[in-house]
4 protein chains.
Amino acid sequence: MKNSFGNSISVTLFGESHGEAIGAVIDGIAPGIEIDHEYIRARLIERAPVGRISTGRCEADDYEILSGVFMGFTTGTPIAIVIRNTNTKSRDYEALRNTPRPSHADLTAEEKYHGYQDYRGGGHFSGRITAALVAAGSIIRLALLKKGIAIGTHISSLHGVSDRAFCKLDDDVKALSALPFPVLDGERAEEMRAEILKAREMGDSVGGVLETAVIGMPAGVGEPWFDTLEGVISHAVFSVPGVKGVEFGAGFGITELYGSEANDPFVTDGKTVKTSTNNSGGIQGGISNGMPIILRTAIKPTPSIFKPQGSVSLKDMENLTLNIEGRHDPAIIHRARAVIDAVVAIAVADMLAMRFGTDWLAEK
Amino acid sequence: MKNSFGNSISVTLFGESHGEAIGAVIDGIAPGIEIDHEYIRARLIERAPVGRISTGRCEADDYEILSGVFMGFTTGTPIAIVIRNTNTKSRDYEALRNTPRPSHADLTAEEKYHGYQDYRGGGHFSGRITAALVAAGSIIRLALLKKGIAIGTHISSLHGVSDRAFCKLDDDVKALSALPFPVLDGERAEEMRAEILKAREMGDSVGGVLETAVIGMPAGVGEPWFDTLEGVISHAVFSVPGVKGVEFGAGFGITELYGSEANDPFVTDGKTVKTSTNNSGGIQGGISNGMPIILRTAIKPTPSIFKPQGSVSLKDMENLTLNIEGRHDPAIIHRARAVIDAVVAIAVADMLAMRFGTDWLAEK
Amino acid sequence: MKNSFGNSISVTLFGESHGEAIGAVIDGIAPGIEIDHEYIRARLIERAPVGRISTGRCEADDYEILSGVFMGFTTGTPIAIVIRNTNTKSRDYEALRNTPRPSHADLTAEEKYHGYQDYRGGGHFSGRITAALVAAGSIIRLALLKKGIAIGTHISSLHGVSDRAFCKLDDDVKALSALPFPVLDGERAEEMRAEILKAREMGDSVGGVLETAVIGMPAGVGEPWFDTLEGVISHAVFSVPGVKGVEFGAGFGITELYGSEANDPFVTDGKTVKTSTNNSGGIQGGISNGMPIILRTAIKPTPSIFKPQGSVSLKDMENLTLNIEGRHDPAIIHRARAVIDAVVAIAVADMLAMRFGTDWLAEK
Amino acid sequence: MKNSFGNSISVTLFGESHGEAIGAVIDGIAPGIEIDHEYIRARLIERAPVGRISTGRCEADDYEILSGVFMGFTTGTPIAIVIRNTNTKSRDYEALRNTPRPSHADLTAEEKYHGYQDYRGGGHFSGRITAALVAAGSIIRLALLKKGIAIGTHISSLHGVSDRAFCKLDDDVKALSALPFPVLDGERAEEMRAEILKAREMGDSVGGVLETAVIGMPAGVGEPWFDTLEGVISHAVFSVPGVKGVEFGAGFGITELYGSEANDPFVTDGKTVKTSTNNSGGIQGGISNGMPIILRTAIKPTPSIFKPQGSVSLKDMENLTLNIEGRHDPAIIHRARAVIDAVVAIAVADMLAMRFGTDWLAEK
């Protein structure tokens, strides 16, 4: 399967930016999970554009659940979620048809779909599709939360400005769900906003690093080869538009340490075994060890900028200078946080369901 | 499927470090691919321990192909490869049974397999299993090479010492296959070796970053969501033991650039379209754009060190100090290069076969 | 994946009989396939209830395509199809909640979904969901037809009344698409209708055998083990409600022949090789041999009958006599034909795409 | 995946009749399942040729387990099983290379593998590969048995001679494991043997119908669409060479009943709910209902016969008469029983693991 993810619990995405609708189908989810629309909407708002640091496109992201939910609970059958497209301005894009935007998917879409792709607004490649992903992921994420597995993401750095590190993880993860701009240190949040606004004024854009924690993850989940927990999570995370890197625990930084510094010593209080450090990011040998899972995701600067850029006329095969107009985000990293939370929830839930069975997610 | 990878072309791994044998089964490979044992053996030698910078365990890695090859060519049916274990010293490990080694998979294996795992020498988690992965990957990699798709990996950095960047990619990739210690700049190679030997003397270990290039990759391969080329490749790469991060193109570094710096402008010579930079690492919107695919992999320092470390007696649930003995690598990064080449070949070939059909790989 | 089918081309189903909507998502379909709404609607009409031999529930089956189609052609991205539920009478079913209907899925749904299932009108188990399957399958089936692969199904027997055997396959398959009641011999069609009406008058129901031909199938498609063409097709066909058996070629009848009678001798006209008989049903060793693929499907009598039946009160755990009311089909076999055509198209197209690549289906 | 089956528990097959070895890899099996070599060998003996009613090829089917078993128990990691080929006479087949044997896979292999297939003795299509399937399936089947799920198969009919129907299922299934020629009625067994010997004398072959019961299957396993229990089981069963039809419960016979005759009324003893008949074969809506699962499989007469048959010279594209020599079975149905038992075990165990989690199979 291609635009689907997961074996035991799976999510399939569909839709184009300027088509009728976008949506997702969740299959394999346990029956008896309560649907909390307030929770889902809150997650969609985290993903939605906010104020001057985001695109001018304003959409309610009103989703409709077509199936799989009855009397307020999941039935255990596929849940189809649809979000209609309403506020679309297709004329903005027509001129761009033969002029691929640098670092967008315009040219690769052309290569793969031979000119049949819906080119309006990025079509199926549009970040807008992530609204469906967030809606689907939120149902799963809340179910995980009720099982004691909490997921939270902050902007670890934005164009060089760094947030403080995760500290008391339980408190930090809880705090993040109340923060529309997910930065733990308020001062740094202001600096980051300033960076975004500066980029906006320059007609430019910025990216950053998101750091995600999964706490409460049971030990013993994942496979030694191929379906490692890192492999499965990264597979899901790389489908979030703009992601160029994923690292776990100490990540790339671990390559500058000695083994004696990098290793996580075991300690016990006589009852349970933990590690005193967590350079492994909660995963050893592809399998969760009961410590928090920590991953960081590199999000590139939004490719839509208002500065002139080199491109090519595909019709005439000539070089030209491209000036993009329209509504665009000077940064998407604060919005991407909701998407990362969603895909991590999907990946983790699938691995848990594979290990403990389909019903596990709804068991009290 | 769990310890398998791939949809159209797949590889399944089996075996334990001190069991009868390790091996792999390749399924879905096209008929008519010539088997070049010299090529496979050369790749296994790249993975094998070399001299003082590696473990003292010396094994010929003699593989046997049990099926799927007839008269020197692939038949198109599953290829089973078996490598017998010969030089095993199981007594080294028995004492460790109840004392998990930090940052090894001993404890997670216990959690997942409830004490039934083969604990000798890391069992199914042992790096030794990668010999089977290299053998399987080499068959696929050579087939790709005959289709004009070349894969090469160098040590981009080792414990802080950096190799020069990729330059003329064709030449660099070709040069790498002749280098047992895969570093492009000879002087830096010596510095890196010195770092490894220093770590060895200290009873410690070092890690580093591998950089891989895939050249000749056709445009238009990959899916927009979930089965993105990055997602599929990273899924495979994270199953290589010790990998803690994967990044494509400019990777995490891209987060410090402006969009105007990060975007890859298109240029044409009137016939084909390329990008003048390759911060995207050859992938846009999850799909190959015809430029070289560039990825970097963070390899942690080998967890087996000879310094005392904190661990726990699982029997008594008491803290203790662990001293590991036996044969171990002060670094595996130079050996991991062959494994990364192999898994990237497997992932890329599967995506190509999915796109162009099963026979494509053998078509002249 | 659970309620999905296919690897390279896949279909995911969702929806409940009395929920908001039913639908399907097709993924992996080639770009550039023309969408012919007249063709799709004609197939939906084949599945729709007709006159007195069917249920009184009357629905337009108006589908909406939400994604994956642009300017009248498939884009290559997932196609989401939605059919709203309009004519639902939920009150009919409430009384039945604690009284499972014999040979329906009421009790198994209870076992699997622990009471959270949408019990109205069979919920997710309803034959109504096959409307979405037919819509999705029709898009694929027409694409196959343009590649020279035609699929057709007739009622081979109905409650003991037999149609004539397939004869000139090309003509027969073509003829079937014009027949709302798919029986090749007009007189037998009348006898079958009479059987259905007789069952209706008795408050009873009848079933039958559908025979399907796939003509124009290229040789060499299928796998020797597990993903045999028979295995993949039967996997799909058994998900059509009411199917209790699937056989290929001479099927169960072959067990009464000697090998010398059962074997299909090869013959050549100097250019191509055929078999002079087709007891193999176009498949040998799991792989298509270029002859027509022939399969027969046993469809059980509709389980909804108006005669008193033994059931159980799940609340009181007491035996009782159940009298079903509402709108029901005395036979579904004539409607099931469209569903069989659809799932066979999906299964065959997936195997072709796996073999020849994603774009094959749209290649001229 | 192609020559693999299963999602949570999977089996991959490899090998050619006259190659080095055949074998299987089981992945996803729970740790802690005891390996009972006596049980496995007994199943292999059921599959092995016996006396005059089978082929003259005599092989010990000595298997070796290379991995995944430690101290007599499954470790939870992939189990690789290898059976060496010893008694091969390749010369018998060389003359046949350009002359496909009717109703064998010779021609389809040629179509799929373009002449690279190992043509000796049927290569990868050989029934010999089922020895590996039986070995793998036996490990899983015994684990199921310890969970109270027993599988048994008898020859329901052979070339028109019928065994008595299943009666007291528990006793019958138990009795079958002691019967080398699996027929419940001893007199009928003799008649069947006589039929086989008669066919042998004529240089001909016979087929028949196998009937399989799975008792002790928990209710609630299977999916409503696509991954129905029937669909998944039939997918597996059709990969057994020679199978041309699969039916569940009343199967094709149900098409001649009225709904009132076909429906299975529910009855309760105040504690549990059963059906008083089992025309559904233990499955309703694709999901197990707690009644025994009953399926019947049509096995065609062995295609290797010693009578002259029409074939074609692929080299000269001319019609010719083929006379097959060598060692062949006049019937394989009594041997196929062990293979059906094995694949049914694999399919059922996968569905159970998907539903209840990986460890379920080993839980006491």
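Rundown of residues vs (1) of a type outside the set (S, T, N, Q); (2) more than 30 Å from A:LEU229 (Cβ to Cβ), yes/no style:
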residue: B:ARG164; (1), (2): yes, yes
residue: B:PRO182; (1), (2): yes, no
residue: B:ARG188; (1), (2): yes, yes
residue: B:LEU197; (1), (2): yes, yes
residue: B:GLU201; (1), (2): yes, yes
residue: B:VAL214; (1), (2): yes, no
residue: B:GLY220; (1), (2): yes, yes
residue: B:THR228; (1), (2): no, no
residue: B:HIS235; (1), (2): yes, no
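Flag set for D:GLY281, criterion: at pLDDT 95 or above and either touching a helix residue (DSSP H, G or I) at 6+ places or on another chain (Cβ under 6 Å) or under 22 Å from D:HIS154 (Cα atoms) (or both).
Residues in segment D:304-313 that are surrounded by fewer than 24 Cβ atoms within 10 Å (Cβ to Cβ) and within 7 Å of chain C (Cβ to nearest Cβ): D:LYS307, D:GLN309, D:GLY310.
Checking each residue in segment A:265-302 for being open to solvent by 10 Å² or more (accessible area, probe 1.4 Å), under 30 Å from A:MET202 (Cα atoms) and either more than 7 Å from every other protein chain (Cβ to nearest Cβ) or in contact with a strand residue (DSSP E or B) (Cβ under 6 Å, 6 or more places away or on another chain) (or both) picks out A:ARG296, A:LYS300. Surrounded by fewer than 21 Cβ atoms within 10 Å (Cβ to Cβ) and in a loop (DSSP other than H, G, I, E, B): does that describe C:ALA165? Against the criterion (surrounded by fewer than 21 Cβ atoms within 10 Å (Cβ to Cβ) and in a loop (DSSP other than H, G, I, E, B)), C:ALA165 qualifies. Quick check on this structure: which one of B:LEU197, B:LEU179 is modelled with pLDDT under 95 and open to solvent by 40 Å² or more (accessible area, probe 1.4 Å)? It is B:LEU179. Among the candidates C:THR108, C:THR75, the residue that is modelled with pLDDT of 95 or more, facing another protein chain (nearest Cβ under 7 Å) and touching a helix residue (DSSP H, G or I) at 6+ places or on another chain (Cβ under 7 Å) is uniquely C:THR75. Selection of first residues in segment C:156-174 that are touching a residue at least 12 places away in the same chain (Cβ under 8 Å) and of second residues that are open to solvent by 30 Å² or more (accessible area, probe 1.4 Å) and aromatic (Phe, Trp, Tyr), restricted to Cβ pairs under 7 Å at least 6 apart or on distinct chains, gives the following pairs, ordered by first then second residue: C:ASP172/C:PHE166. Looking across segment D:333-343, the residues that are within 12 Å of D:ILE155 (Cβ to Cβ) and in contact with a strand residue (DSSP E or B) (Cβ under 7 Å, 6 or more places away or on another chain) come down to D:ILE333, D:HIS334, D:ALA336, D:ARG337, D:ILE340.
B:HIS159: more than 27 Å from A:THR255 (Cα to Cα) and either surrounded by fewer than 22 Cβ atoms within 10 Å (Cβ to Cβ) or touching an Asp or Glu at 6+ places or on another chain (Cβ under 8 Å) (or both), yes or no? So B:HIS159 fails the test. Can you confirm whether D:HIS328 is under 15 Å from the mean Cα position of the chain (by Cα) and more than 21 Å from D:GLY249 (Cα to Cα)? Judged against the criteria, D:HIS328 is not a match.
Put simply, of D:ALA136, D:ALA189 the only residue that is within 25 Å of D:ILE35 (Cα to Cα), aliphatic (A, V, I, L, M) and surrounded by 16 or more Cβ atoms within 10 Å (Cβ to Cβ) is D:ALA136.
How many residues are outside any loop (DSSP other than H, G, I, E, B) and of a type outside the set (Lys, Arg) if we restrict to segment B:195-244?
24
Being touching a residue at least 12 places away in the same chain (Cβ under 8 Å), away from every other protein chain (no Cβ under 14 Å) and not aliphatic (A, V, I, L, M) is true for just one of A:GLY203, A:GLY231, A:GLY249, A:GLY216. Which residue is that? Among A:GLY203, A:GLY231, A:GLY249, A:GLY216, only A:GLY216 is touching a residue at least 12 places away in the same chain (Cβ under 8 Å), away from every other protein chain (no Cβ under 14 Å) and not aliphatic (A, V, I, L, M). If only residues of segment D:111-145 that are without any contact (Cβ under 8 Å) to a residue 12 or more places away in the chain and at negative phi are counted, the one that is farthest from the other protein chains (Cβ to nearest Cβ) is D:LEU145. Taken together, the residues in segment D:240-264 that are surrounded by fewer than 24 Cβ atoms within 10 Å (Cβ to Cβ) and farther than 28 Å from D:ILE155 by Cβ amount to 2.
For beta carbons closer than 7 Å, sequence separation of 6+ or different chains, a first residue in segment B:11-40 that is more than 19 Å from B:ALA347 (Cα to Cα) and more than 9 Å from chain D (Cβ to nearest Cβ) and a second that is of a type in the set (A, V, I, L, M) and surrounded by fewer than 22 Cβ atoms within 10 Å (Cβ to Cβ), the qualifying pairs are B:ASP36/B:LEU142; B:TYR39/B:LEU142. Screening segment C:314-329 for residues that are under 22 Å from C:HIS18 (Cβ atoms) and at the interface with chain D (Cβ under 9 Å from one of its Cβ atoms) and picking the one that is most open to solvent (accessible area, probe 1.4 Å) gives C:LEU314.
The values are calculated or read from the model by the stated rules, or taken from the named source; none is laboratory data. These numbers were taken from a predicted model, which means no experiment stands behind them. Neighbour counts run over all protein chains shown; Cβ positions are idealised from the backbone, glycine included. In case anyone asks, the SASA skips ligands and DNA or RNA and just uses the protein heavy atoms, side chains included. Shrake-Rupley method; radii C 1.70, N 1.55, O 1.52, S 1.80 Å.
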